[in-house]
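J.: I'd like to ask some things about the structure below.
What follows draws every value from the coordinates through simple rules; no lab data is involved. Because the structure is a prediction, the values reported are computed rather than measured. FYI the Cβ positions are ideal-geometry reconstructions off the backbone, even for glycines, and counts take in every protein chain you see.
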C-alpha cells in the first residue's frame, strides 16, 4: 500500500517558480494542489523509520525551498493515507490556517543558534580571575591523594557555580547581540550543564546577509572562550502557530 508523505505547504503562485526538487532518501518529490495551496509530497511505500537519510532528506528539501519561497514545514513523518486525504484534509480543511501562516511568515526565515563554551578555557579564566579560588586551587593541588575532601568539595562547588554564571553571561551577551538583527526569538534550550545555549531566531529575508555578518563578528569576539554555531536559513519551525487537529489518519503529522 502506498501512502503520501508530506514535507510542507506553500502558495500555488510560489510553487510554480520552484526549482526542481530532490527528495533524497524519501523518494522523488511531486506536488498536490487545492484551494490555492500546494503540498510537496513523496510516495511512502513503507513505514517512515526516521533513518538518518530520511531525516536529512526532509530537512534538506525544506531548507532548499525556504531559501526560494515561504513554506509551512510539517513535522518529519507526516504521512496521510493517499493524495485525496492530502487535498481534502490538509489543503482544504486547514486551508485558512495555512494561508494565514504563509502570509504571516512570508518575509522571514529561521536560524538555529548554539553557543557552546570552551570548558577548559573558561574554567582556567575563572580560577585565574578569582584570587580566592586560585589560592584554594593551589592548596588542593598540594594535598596528598585521598585527603582534604572538604576543601576539594568546596573548590568544586565554587568553580561549578562560577562556570554556570559565566555560561549564562556569555550566552546572554551573544543572544542579545544577535537578537538586534532578528524579528523574534524562541529559546530552544536553557543553558545546560556543559554551558551550551540554544535558541532560534527569526530574521527578515532582506536582513540575512547583515545578520550573518554580525554573527561572524560576534564569533570573533568570543576569543576562544566559546564557539558560536549558526545554521540556516531554515523554515520557521519554532515560530509556527499550532496546527488544528486533523480528521485524517496520520503518522506524527501534527505534533
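J.: Compute the length gained on full extension between residue 69 and residue 13: take 0.36 nm times their separation in residues and subtract their Cα-Cα distance, giving the result in nm to one decimal. Let's see the in-between values first.
T.: Values: separation 56, 0.36 × 56 = 20.16 nm, distance 0.98 nm.
In short, 19.2 nm is gained.
J.: Ok, one more. Mind checking which of 106, 158, 44 has the largest fluctuation in a GNM of the chain, springs on alpha carbons under 10 Å?
T.: 158
J.: Kindly state, to the nearest 0.05, the FRET efficiency for residue 22 paired with residue 130, given R0 = 45 Å and r defined as their beta-carbon distance. If you can, show how the numbers build up before the last one.
T.: Working: r = 55 Å, r/R0 = 1.22.
The calculated FRET efficiency here is 0.25.
J.: While we're looking at this one, here's another question. May I ask for the angle, rounded to the nearest 10°, between helix 131-142 and the longest principal axis of the chain, with both axes built from Cα atoms and the value confined to 0 to 90°?
T.: With both axes taken from Cα atoms, the answer is about 80 degrees.
J.: Over all distinct alpha-carbon pairs, what is the Kirkwood Rh of the chain in angstrom? Walk me through the numbers on the way to the answer.
T.: Working: mean 1/r = 0.0476 Å⁻¹.
Taking every pair of different Cα atoms in the chain, averaging 1/r and inverting gives 21.0 Å.
J.: Something else about it: For the chain, what does -39500 (n - 2.57) per DSSP helix run (n ≥ 4), summed and divided by total residues, give at 222 nm, in deg cm²/dmol to the nearest 500?
T.: Numbers: 7 runs with 97 residues, N = 255.
Dividing the helical sum by the residues of the chain leaves -12000 deg cm²/dmol.
J.: Taking a spot 7 Å from the Cα of residue 169 along the direction of its beta carbon, which residues of the stretch 205-229 have an amide N less than 17 Å from it?
T.: Under 17 Å, as judged by backbone N against the label point of residue 169, lie 221-227 of the stretch 205-229.
J.: Given springs between every Cα pair under 10 Å in a Gaussian network model of the chain, which of 27, 36, 156 has the largest fluctuation?
T.: In this elastic network of the chain, the residue with the biggest mean-square fluctuation among 27, 36, 156 is 156.
J.: Also, quick follow-up: Considering the chain as a Gaussian network with a 10 Å cut-off on Cα pairs, which listed residue, 67, 217, 110, attains the greatest mean-square fluctuation?
T.: 217
J.: Shifting gears a bit: Compute the relative contact order of the stretch 67-155 as a whole-number percentage, counting only Cα pairs closer than 8 Å that sit 6 or more residues apart in sequence.
T.: Numbers: 23 pairs, mean separation 20.8, N = 89.
Once divided by the residue count of the stretch 67-155, the mean separation gives 23 percent.
J.: Arranged from highest to lowest average of other beta-carbon atoms within 10 Å per residue, in what order do the peptides 205-214, 90-99 appear? List each step's numbers first, then the result.
T.: Details: 205-214: 13.9, 90-99: 18.1.
Highest-to-lowest ranking by the protection proxy: 90-99, 205-214.
J.: Sticking with this structure for a sec: Using only Cα atoms and rounding to the nearest 10 degrees, what angle (0 to 90) does helix 149-179 make with the longest principal axis of the chain?
T.: In the chain, helix 149-179 runs at an angle near 40 degrees to the longest axis.
J.: Another question about this same structure. Give the angle, between 0 and 90 degrees and rounded to the nearest 10, that separates the Cα long axis of helix 119-129 from the longest principal axis of the Cα atoms of the chain.
T.: Approximately 40 degrees, to the nearest ten.
J.: Shifting gears a bit: Which of the three applies to the stretch 3-105, rounded, prolate or oblate, going by the alpha-carbon gyration tensor with a ≥ b ≥ c and a/c under 1.5 meaning rounded? Walk me through the numbers on the way to the answer.
T.: Working: a/c = 1.77, a/b = 1.26, b/c = 1.40.
Because a/c hits 1.5 or more and a/b fails to exceed b/c, the stretch 3-105 counts as oblate.
J.: How much FRET efficiency would the formula 1/(1 + (r/R0)^6) give for residue 179 and residue 209, where r is the Cβ-Cβ distance and R0 is 25 Å, rounded to 0.05?
T.: Details: r = 17 Å, r/R0 = 0.69.
Plugging the Cβ-Cβ distance into 1/(1 + (r/R0)^6) gives 0.90.
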